[in-house]
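Just below is one structure, and these are the notes that go with it.
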Amino acid sequence: MISVEGLKVEFGVKPLFSNASFVVNARDRIALVGKNGAGKSTMLKILCGMERPTAGTVNVQSDITIGYLPQVMNLQDDTTVREEAQKAFADMQKMKDRLQRLERQMNERTDYESDDYMQLVELYTAEHERYLMLGAEGQNAAIERTLVGLGFLRTDFERPTREFSGGWRMRIELAKILLRHPDVLLLDEPTNHLDIESIQWLELLLASWSGAVILVSHDRAFINNVSNRTLEISCGHVVDYRVKYDEYVTLRRERREQQLRAYENQQKEMADIREFVERFRYKPTKAVQVQQRLRQLEKMVPIEVDEVDNAAMHLKFPPCLRSGDYPVICDEVKKAYGHLVFEHVNLTIKRGEKVAFVGKNGEGKSTLVKCIMNEIPFEGMLKIGHNVQIGYFAQNQAQLLDETLTVFQTIDNVAKGDIRLRINDILGAFMFGGENSDKKVKVLSGGERSRLAMIRLLLEPVNLLILDEPTNHLDMPSKDVLKEAIKAFDGTAIIVSHDREFLDGLVTKVFEFGGGKVREHIGGIYDFLQTKKISELNQLGQEKNVTGTSNVSKEDGTNAVTKSEDAAHNATSGAQAYAQRKEQQKLLRKAERAVEDSEKRISKMEQRLKELDQLLCDPDKASDMTLVSEYTDTKRALDQEVERWEQLSEELETLN
């Protein structure tokens with residue numbers, strides 16, 4: 001599909017990469033990896049024809065279409081969400097017009113037996129099959145399916161795009177690209193604007209994509225689930241590993257270890273030969289052996305060891321003052337912007353806890369952060385604990401930097417006191433040492449800008465870190481360093497993120513935002529996802545029934561033990577024990593019936609939601625407000641019933 005030969009790119013004295021050669025085949029799922037600034041985004045721009053290389057060639061088959069999603073683009077605001085998505089089918093409209101012209105030509109002609117007429121029929125048949133294969137007859141259904149998958153509600157379809165944030169408008173652009181069904185997808189950081197559920201939906205879509213996919217992403221779980229091949233840009237070279245990302249990491253380490261062992265063995269062998277030559281160079285009886293050794297030395301090809309880019313940022317949050325026991329307490333907090341964002345938020349974050357805010361975009365994660373920062377008004381009580389000093393990394397922090405300043409000037413303008421004497425040391429720790437500190441902000445990559453914005457957190461000691469999407473644009477080594485630094489941080493951390501791999505092992509509590517509620521989940525991110533997965537797969541009732549059966553069996557065993565113990569004490573307290581046991585069994589039966597009734601209601605509502613979802617996927621019924629209203633009411637009732645089931649289950653467990 002795409003052939004790259006001898007590619008070289010230079011922006012300065014040192015090439016970004018050189019002598020890059022590889023082929024992109026159908027069904028390839030290529031993860032393009034490398035450090036920030038290595039040239040990943042540049043490579044994608046060259047492949048789609050937006051930039052030209054210094055040397056080398058890129059050959060694309062004539063009938064191949066390419067879809068490219070950049071990190072940043074200029075977005076239009078003069079249409080609705082549905083109208084903008086329909087632009088993806090502009091080429092199909094041209095195909096439809098062409099088919100109509102071919103139909104008119106066939107109707108006007110009468111030379112049915114001629115070769116020209118048969119060629120016209122064959123052309124029409126081929127064009128019509130392609131038109132149908134691209135899904136032209138189901139445009140509305142495809143638009144709705146894609147937009148819903150990317151997190152939009154059906155009530156959003158007729159809203160103007162200007163009402164949405166930049167992240168949501170990037171989702172619209174991604175939807176347009178997916179709806180075009182290009183033969184090659186080039187995606188530059190597509191997960192930066194998606195929540196966890198949308199990322200999982202995109203994973204499934206890309207896994208079944210009929211064409212090729214080349215993606216740049218720093219979401220390790222995402223690229224590992226999608227990729228079957230890895231292209232690494234490192235130290236100016238492009239190395240092709242025909243394995244998925246996790247296997248590539250292992251293979252790269254093993255390959256380098258093998259090279260090092262072979263290199264060391266060769267160096268030892270060469271040293272032995274030189275030693276032999278030096279010892280016997282002037283002995284006539286050894287002249288033949290010496291010449292043989294010299295020829296052997298000349299024929300040896302030095303073994304090369306892959307270069308490894310060991311430059312890494314070093315991050316350690318400065319020591320902080322001890323805050324109160326509860327840095328953040330929310331009591332019946334509510335926020336509405338005309339429409340309800342969330343209400344009845346009751347949460348307590350203890351000193352030293354690392355917690356995650358997760359949920360779909362627009363459900364209120366950043367809004368609650370702004371409430372904690374006291375940047376916006378709200379209802380209810382939100383108390384910040386004693387002696388709390390907040391360090392805040394906003395989601396758009398990197399975009400707020402002044403592009404006309406240098407890296408050094410950016411930090412020098414905000415640094416105060418003695419810390420100004422340590423600016424060069426701090427910049428060096430974040431890989432901005434030497435000449436890099438004189439770079440203008442406008443020439444920095446997205447990851448480099450994020451690193452520069454992260455430095456602001458180090459300028460003052462804080463004991464409450466609030467990080468809103470801190471991993472966007474950070475490369476994987478930098479994310480690992482940030483993760484370890486947060487783990488070692490003495491204070492409290494609130495992390496708003498959709499990066500599963502980053503949150504894994506870092507947080508011990510998850511707050512889920514959705515439906516105007518904030519629900520607390522004890523445990524790590526994958527514990528939370530496992531719970532959600534069961535619910536989303538309509539297995540909630542089944543799993544709970546299994547649990548209920550298990551509890552009943554356990555209770556029967558407990559009763560048997562209890563009965564045998566009662567028999568032993570029957571002489572002194574038989575009547576009292578019998579009464580207690582009867583009362584206990586009565587409460588148990590009542591609790592079990594309540595749980596079973598709740599599970600039946602949940603199962604029934606889930607089944608109805610599934611039926612409504614199938615009905616709404618039909619273009620003729622998608623705008624039926626009666627169905628939409630029923631879907632919304634049923635979903636709200638289901639959420640309430642699930643909460644009630646959780647309370648009933650806890651009561652049953654307590655009785656058991």
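The values are calculated or read from the model by the stated rules, or taken from the named source; none is laboratory data. Quantities reported herein were computed from a predicted structural model and do not represent experimental measurements. With ideal geometry, Cβ positions are generated from the backbone for all residues, glycine too; neighbour counts draw on all protein chains shown. For accessibility, only protein heavy atoms count, side chains too; no ligands or nucleic acids. Shrake-Rupley method; radii C 1.70, N 1.55, O 1.52, S 1.80 Å.
Going through Lys621, Lys590 one at a time, which residue ends up being open to solvent by 60 Å² or more (accessible area, probe 1.4 Å), of a type outside the set (Val, Ile, Thr) and either modelled with pLDDT under 75 or within 28 Å of Val148 (Cα to Cα) (or both)?
On the way: Lys590 fails: either modelled with pLDDT under 75 or within 28 Å of Val148 (Cα to Cα) (or both).
Only one candidate passes the filter, namely Lys621.
Scanning the stretch 1-24 for residues that are open to solvent by 20 Å² or more (accessible area, probe 1.4 Å) and over 19 Å from Tyr248 (Cα atoms) yields a count of 14.
Looking at the stretch 111-121, can you tell me whether even one residue there is small (Gly, Ala, Ser) and modelled with pLDDT of 85 or more? Break it down into steps so the answer makes sense when it comes.
Let us first name the residues in the stretch 111-121 that are small (Gly, Ala, Ser), namely 114.
Checking which are modelled with pLDDT of 85 or more leaves us with none.
Scanning the stretch 111-121 turns up no residue that is small (Gly, Ala, Ser) and modelled with pLDDT of 85 or more.
Here Thr155 does not fit the description of being outside any helix (DSSP H, G or I), over 26 Å from Ser62 (Cβ atoms) and open to solvent by 70 Å² or more (accessible area, probe 1.4 Å).
Does Glu232 satisfy the criteria of being out of contact with any strand residue (DSSP E or B) (no Cβ under 8 Å at 6 or more places or on another chain) and either crowded, with 19+ Cβ neighbours inside 10 Å or charged (D, E, K, R) (or both)? Break it down into steps so the answer makes sense when it comes.
Values: out of contact with any strand residue (DSSP E or B) (no Cβ under 8 Å at 6 or more places or on another chain): no; either crowded, with 19+ Cβ neighbours inside 10 Å or charged (D, E, K, R) (or both): yes.
No, not satisfied.
When the stretch 475-528 is limited to residues that are open to solvent by 20 Å² or more (accessible area, probe 1.4 Å) and among the hydrophobic types (A, V, I, L, M, F, W, C), the one that is modelled with the lowest pLDDT turns out to be Val481.
So that you can scan it fast, the table gives a plain yes or no per residue for (1) in contact with a strand residue (DSSP E or B) (Cβ under 8 Å, 6 or more places away or on another chain); (2) surrounded by fewer than 15 Cβ atoms within 10 Å (Cβ to Cβ); (3) modelled with pLDDT under 85; (4) not polar (S, T, N, Q):
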{"site": "Asn361", "(1), (2), (3), (4)": "no, no, yes, no"}
{"site": "Tyr392", "(1), (2), (3), (4)": "yes, no, no, yes"}
{"site": "Leu400", "(1), (2), (3), (4)": "no, yes, yes, yes"}
{"site": "Asn413", "(1), (2), (3), (4)": "no, yes, yes, no"}
{"site": "Lys416", "(1), (2), (3), (4)": "no, yes, yes, yes"}
{"site": "Ala429", "(1), (2), (3), (4)": "no, no, yes, yes"}
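Among the residues in the stretch 481-489, are any part of a strand (DSSP E or B), closer than 26 Å to Leu347 by Cβ and of a type in the set (Gly, Ala, Ser)? No, because not a single residue in the stretch 481-489 is part of a strand (DSSP E or B), closer than 26 Å to Leu347 by Cβ and of a type in the set (Gly, Ala, Ser). Each residue in the stretch 374-390 was checked for being over 14 Å from Tyr326 (Cβ atoms), outside any strand (DSSP E or B) and open to solvent by 50 Å² or more (accessible area, probe 1.4 Å), and 5 pass. Checking the stated criteria, Leu206 turns out to be closer than 19 Å to Cys48 by Cβ, modelled with pLDDT of 85 or more and either part of a helix (DSSP H, G or I) or touching a helix residue (DSSP H, G or I) at 6+ places or on another chain (Cβ under 6 Å) (or both). The set of residues from the stretch 158-197 being over 20 Å from the mean Cα position of the chain (by Cα), open to solvent by 10 Å² or more (accessible area, probe 1.4 Å) and over 26 Å from Val24 (Cα atoms) comprises Glu158, Arg159, Pro160, Arg162, Glu163, Phe164.
Residues being more than 26 Å from Val4 (Cβ to Cβ) and in contact with a Ser or Thr (Cβ under 6 Å, 6 or more places away or on another chain) are entirely absent from the stretch 227-246.
The set of residues in the stretch 253-298 being hydroxyl-bearing (Ser, Thr, Tyr) and farther than 30 Å from Val243 by Cβ consists of Tyr282, Thr285.
Scanning the stretch 236-259 for residues that are part of a helix (DSSP H, G or I) and open to solvent by 60 Å² or more (accessible area, probe 1.4 Å) turns up Asp246, Glu247, Leu251, Arg252, Arg253, Glu254, Arg255, Arg256, Glu257, Gln258.
In the stretch 170-200, how many are outside any strand (DSSP E or B), under 27 Å from Ser478 (Cβ atoms) and not β-branched (Val, Ile, Thr)? Residues in the stretch 170-200 being outside any strand (DSSP E or B), under 27 Å from Ser478 (Cβ atoms) and not β-branched (Val, Ile, Thr): 13 in total.
Every listed requirement among (1) open to solvent by 70 Å² or more (accessible area, probe 1.4 Å); (2) charged (D, E, K, R); (3) modelled with pLDDT of 85 or more is met by Glu83 save one, (3). Scanning the stretch 86-106 for residues that are open to solvent by 80 Å² or more (accessible area, probe 1.4 Å) and touching a residue at least 40 places away in the same chain (Cβ under 8 Å) returns Asp91, Lys96. Among the residues of the stretch 33-42, those that are modelled with pLDDT of 80 or more, open to solvent by 10 Å² or more (accessible area, probe 1.4 Å) and either closer than 13 Å to Leu187 by Cβ or part of a loop (DSSP other than H, G, I, E, B) (or both) comprise Gly34, Lys40, Ser41.
Criterion applied to Glu137, Glu127 was being at pLDDT below 80 and loosely packed, with under 14 Cβ neighbours inside 10 Å, and the one residue passing it is Glu137. Of the residues in the stretch 218-231, none is more than 27 Å from Val9 (Cα to Cα), part of a loop (DSSP other than H, G, I, E, B) and out of contact with any Phe, Trp or Tyr (no Cβ under 7 Å at 6 or more places or on another chain). Looking only at the stretch 327-359, residues that are open to solvent by less than 70 Å² (accessible area, probe 1.4 Å), part of a loop (DSSP other than H, G, I, E, B) and touching a Gly at 6+ places or on another chain (Cβ under 8 Å) come to 2 in all.
Is the stretch 43-51 home to any residue that is under 21 Å from Met476 (Cβ atoms), of a type outside the set (Phe, Trp, Tyr) and crowded, with 18+ Cβ neighbours inside 10 Å?
Filtering the stretch 43-51 for residues under 21 Å from Met476 (Cβ atoms) gives 43-44.
Going one step further and asking which of them are of a type outside the set (Phe, Trp, Tyr), we end up with 43-44.
Checking which are crowded, with 18+ Cβ neighbours inside 10 Å leaves us with 43-44.
Checked the stretch 43-51: at least one residue is under 21 Å from Met476 (Cβ atoms), of a type outside the set (Phe, Trp, Tyr) and crowded, with 18+ Cβ neighbours inside 10 Å.
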